Amino acid sequence: MGGTVRSRFAALALACALVAPYALGAVISAAVSTAANAAEPVTIAIGYLIPERRELTLSLMDRPAADLGAAGAALAIDDNNTTGRFTGQSYELLTETAATPEEAAAAVDRLAAAGAHWVIADMPGEALVTLAAAADAKGMLVFNVGARDDALRTETCLANVVHIVPSRAMLADALAQYLAWKKWTRWFLVAGSHPEDIAFADAIRRAAARFGARIVEDRTFEDTGGARTTDSGHVQVQRRLPVFLQDAPEHDIVVVADENEVFGTHVPYHTWTPRPVAGSAGLMPTAWSPVHEQWGGIQLQNRFLDKVGRRMEEEDMLAWMAVRSVGEAATRAASGDPETIDDYLLGPDFSLAAFKGEALTLRSWNRQLRQPILLADGKSVVSVSPQEGFLHPSSFLDTLGYDRAESACDF
Amino acid sequence: MRAILCAASLLALTASAGQAMAYTIFVSNEKGNSVSVIDSETMEVTDTIDVGQRPRGITVAEEGTHLLVAVGDDDTVEVYDTKTHERLYTLPSGPDPELFVLHPDGNHLYIANEDDNLVTVVDLKSRSMVSEIPVGVEPEGMGVSPDGKFIVNTSETTNMAHFIDTESHEIVGNVLVDQRPRFAEFKADGSEVWVSSEIGGSVSIIDPIKHEVTHKITFEVPGLRPEAIQPVGVRITKDGSTAFVALGPANRVAVVDAATYEVTDYLLVGQRVWQLGFSPDEDMIFATNGVSNDVSVIDVAAREVVNTIPVGEFPWGVVTLAD
């Protein structure tokens with residue numbers, strides 16, 4: 001793995017170095033060149049931070065592709081450039097790799113030096129806070145496509161961060177609305193022992209309280225270490241997991257919080273009582289699914305498959321939405337000037353079409369992208385939340401996650 | 001022959017005094033892989049034609065003898081006999097054809113290829129592809145100016161109306177509109193193009209000479225959240241006085257005064273209404289309701305839904321043909 005990362009990084013660094021002079025020139029010339037001037041395209045450079053991804057997953061299906069996320073950004077660059085032919089704008093993607101908060105901050109500096117004004121960060125919360133500060137020092141805008149922490153939307157308010165990725169509360173609320181609609185309101189919650197699992201379990205408990213469900217049993221599955229899998233491993237899984245899940249009160253569904261993939265994938269078909277599974281396994285709330293094709297989604301899926309040769313995952317879509325946000329704002333603002341583009345992007349008129357059946361907009365107070373959440377099981381999109389009947393005075397999409405009054409952020 | 005025609009039109013005239021002339025309505029059913037054939041006299045489905053996969057765009061060509069159906073999942077346009085309902089041949093269309101428009105010359109079909117960012121031009125006589133024109137991302141809506149000089153294509157992710165010169169096949173103008181433009185319709189006098197924006201929730205009125213948006217129509221239905229109002233199909237009466245706009249999941253067709261751009265009525269139709277088609281003499285307009293699997297019949301003068309006809313699964317496009 002180390003070798004691949006290094007060699008890829010070297011190639012990217014070379015690409016960045018080649019692109020840099022053009023990108024810098026563009027930033028300087030952007031102020032004078034507008035959409036009307038198609039002769040000399042304005043270059044708009046966008047950076048993408050590639051994280052160190054977990055290589056080992058419980059299911060082989062979930063092993064991340066080397067270009068996970070970055071491929072979505074690259075497709076959006078193509079889409080932006082197709083439009084750019086008519087507006088005199090040319091888009092470039094610069095990529096950097098970072099594993100730690102310090103590396104992420106350093107990568108942001110390199111992207112700034114290469115002429116990028118926007119950074120798409122697929123990083124956990126701690127790294128996001130660090131790199132956002134580095135980006136702020138350079139006047140850059142960050143798209144968060146990795147950190148789902150609700151605290152980043154309610155307490156730690158980052159003025160130069162747009163949250164494209166849904167928060168845990170948005171995901172949990174989306175699931176809860178559907179389960180409420182199904183009247184599956186008695187939940188058996190099983191959470192992993194890592195901080196992310198605990199945070200997701202908290203979001204699930206909050207969602208249950210909000211939408212009229214009851215957690216009838218609340219258990220923690222301790223990660224005691226050990227290998228991801230062993231040969232003949234299923235023999236023990238099928239003996240141990242049901243035993244762990246027995247003696248729970250009557251429940252309609254088992255809800256799993258296991259972001260770290262310690263046990264969740266194994267829960268379906270291994271419950272003590274025959275019940276469906278949702279959360280981190282079974283019916284999963286997500287911003288995107290490789291099988292989503294409604295609202296024109298099939299067109300994006302086809303474009304992605306043609307270009308990349310694999311299915312489009314959630315990480316790819318989040319990066320696509322981030323790059324398209326810049327493209328959309330640049331088209332509408334008819335400018336290549338980063339400040340003008342950001343003014344539009346963070347302003348009241350910005351909206352993004354992203355194959356979700358309605359316009360996606362930003363919550364002005366914390367810059368979280370409002371979006372319908374898909375509920376998918378890997379083979380089909382079972383439903384899309386918000387569900388009908390859950391009302392909100394300003395936007396039904398704000399029935400998902402923390403609302404304005406619950407957030408300390410006020411941009 | 002002339003005598004027969006004369007007699008026929010005289011008959012038609014006489015008929016129109018009492019009741020409208022008879023015609024046939026063809027409806028493409030996107031999920032049903034079929035075309036429902038409706039008789040205007042009974043307003044009932046008289047035949048269902050099995051067609052290719054995912055039929056959407058539908059029109060009549062060759063002086064009413066041929067029915068053209070874009071079958072996206074089969075990457076072709078199928079041609080059917082409008083009388084016998086037999087499949088005659090297929091046209092090269094480029095991949096995933098969705099919507100198309102027939103040039104007033106009756107011979108050139110302009111097809112939007114959603115997946116390839118192209119508009120394909122097909123010659124019906126020679127059944128061959130004439131040209132491929134690169135446009136914006138996800139081309140869909142197709143309109144043609146009455147004089148045949150310009151095609152307007154809308155691209156759903158680029159969010160533009162592209163004006164294409166039909167002689168040179170070059171783009172001569174790009175007009176930015178609201179999110180996800182779905183449909184383009186010229187007024188019969190060529191003075192305006194109306195472009196609907198599904199996600200933007202608006203209809204942009206475009207000056208086809210200056211390539212500028214001169215007005216934007218928005219919609220408001222009490223009790224409906226604004227996001228549910230998603231304009232798709234647009235039809236304007238030949239006299240340019242009245243426009244009908246299908247509002248998707250708002251389950252309504254808006255009636256618009258096409259001179260003042262004021263919305264005068266919202267007609268409740270079936271679920272997820274997308275496309276519209278006038279009867280030959282414009283006394284009726286038909287609306288396809290995808291989710292409720294039916295077609296609403298709207299009396300144009302009375303501005304009233306007068307009938308609902310069950311058709312196949314997920315009706316999409318509609319075209320009418322005088323008998």
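The values are calculated or read from the model by the stated rules, or taken from the named source; none is laboratory data. Note that the coordinates shown come from a computational prediction; the quantities given were computed from them, not determined experimentally. Note that we place each Cβ from the backbone using ideal geometry, even for glycine, and neighbour counts take in every protein chain shown.
In the range B:127-137, what residues are outside any loop (DSSP other than H, G, I, E, B) and either within 21 Å of the chain's Cα centre (by Cα) or within 13 Å of another protein chain (Cβ to nearest Cβ) (or both)?
Of everything in the range B:127-137, those that are outside any loop (DSSP other than H, G, I, E, B) and either within 21 Å of the chain's Cα centre (by Cα) or within 13 Å of another protein chain (Cβ to nearest Cβ) (or both) turn out to be B:Ile133, B:Pro134.
Can you give me the number of residues within the range A:195-236 that are modelled with pLDDT of 95 or more and either basic (Lys, Arg) or in a loop (DSSP other than H, G, I, E, B) (or both)?
Adding up the residues that qualify gives 8.
Is it the case, given these coordinates, that A:Ala191 is under 19 Å from A:Ala151 (Cα atoms), outside any loop (DSSP other than H, G, I, E, B) and in contact (Cβ under 8 Å) with a residue 24 or more places away in the chain?
no
Would you tally the residues in the range A:77-110 being away from every other protein chain (no Cβ under 14 Å), within 23 Å of the chain's Cα centre (by Cα) and in contact (Cβ under 8 Å) with a residue 40 or more places away in the chain?
11
Tally up the residues in the range A:301-336 that are buried (at least 24 other Cβ atoms within 10 Å of the Cβ) and without any contact (Cβ under 8 Å) to a residue 12 or more places away in the chain, please.
Of the residues in the range A:301-336, 0 are buried (at least 24 other Cβ atoms within 10 Å of the Cβ) and without any contact (Cβ under 8 Å) to a residue 12 or more places away in the chain.
Return the pairs, sorted by first residue and then second, in which the second residue is in a strand (DSSP E or B), the first residue lies in the range A:219-233 and is under 27 Å from A:Asp247 (Cα atoms), the beta carbons are less than 6 Å apart, and the residues are 6+ apart or on different chains.
A:Arg219/A:Val190; A:Thr220/A:Ala191; A:Phe221/A:Val190; A:Phe221/A:Gly192
Restricted to the range A:291-300, and to residues that are buried (at least 20 other Cβ atoms within 10 Å of the Cβ) and either part of a loop (DSSP other than H, G, I, E, B) or of a type in the set (Gly, Ala, Ser) (or both), which residue is farthest from the other protein chains (Cβ to nearest Cβ)?
Checking each candidate, the answer is A:His292.
Have a look at B:Ser155, B:Ser145, B:Ser191 and point out the one that is closer than 23 Å to A:Phe350 by Cβ and within 20 Å of the chain's Cα centre (by Cα).
After ruling out the rest, the residue left standing is B:Ser155.
Only one residue in A:Asp342, A:Asp306, A:Asp316 is away from every other protein chain (no Cβ under 13 Å), over 19 Å from the mean Cα position of the chain (by Cα), assigned to a helix (DSSP H, G or I) and of a type in the set (D, E, K, R), so which one is that?
A:Asp342
From the list B:Gly141, B:Gly148, B:Gly173, pick out the single residue that is closer than 24 Å to A:Trp295 by Cα, out of contact with any Leu (no Cβ under 6 Å at 6 or more places or on another chain) and not charged (D, E, K, R).
B:Gly141
For B:Gly64, state whether it is at pLDDT 95 or above and small (Gly, Ala, Ser).
yes
Name the residues in the range A:264-279 that are touching a Phe, Trp or Tyr at 6+ places or on another chain (Cβ under 9 Å) and more than 10 Å from A:Pro242 (Cα to Cα), would you?
Answer for the range A:264-279, where residues must be touching a Phe, Trp or Tyr at 6+ places or on another chain (Cβ under 9 Å) and more than 10 Å from A:Pro242 (Cα to Cα): A:Gly264, A:Arg275, A:Pro276, A:Val277, A:Ala278, A:Gly279.
Rundown of residues vs (1) assigned to a strand (DSSP E or B); (2) within 14 Å of another protein chain (Cβ to nearest Cβ); (3) closer than 21 Å to B:Val144 by Cα, yes/no style:
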residue	(1), (2), (3)
B:Gly200	no, yes, no
B:Val203	yes, no, yes
B:Ile209	no, no, yes
B:Pro222	no, no, no
B:Gln230	no, yes, no
B:Asp239	no, no, yes
B:Ala243	yes, no, yes
B:Ala254	yes, no, no
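Starting from residues that are farther than 30 Å from B:Asp73 by Cβ and at pLDDT 50 or above, keep the ones in the range B:1-39 and report whichever is surrounded by the most Cβ atoms within 10 Å (Cβ to Cβ).
Across the range B:1-39, the extreme among qualifying residues is B:Met21.
Taking strands (runs of 3 or more DSSP E) that do not extend beyond the range B:39-92, which have at least 2 residues that are closer than 13 Å to B:Ser28 by Cβ and touching a Leu at 6+ places or on another chain (Cβ under 8 Å)?
B:55-61, B:66-71, B:76-81
Can you pull out the residues in the range B:138-176 that are assigned to a loop (DSSP other than H, G, I, E, B) and away from chain A (no Cβ under 11 Å)?
Within the range B:138-176, B:Ser145, B:Pro146, B:Asp147, B:Gly148, B:Lys149, B:Thr166, B:Glu167, B:Ser168, B:His169, B:Glu170 qualify.
Can you find even one residue in the range A:367-378 that is in a helix (DSSP H, G or I) and either among the basic types (Lys, Arg) or within 20 Å of A:Gln89 (Cα to Cα) (or both)?
no
Assess whether A:Pro285 counts as being touching a Phe, Trp or Tyr at 6+ places or on another chain (Cβ under 9 Å) and under 30 Å from B:Asp115 (Cβ atoms).
Yes: the conditions hold for A:Pro285.
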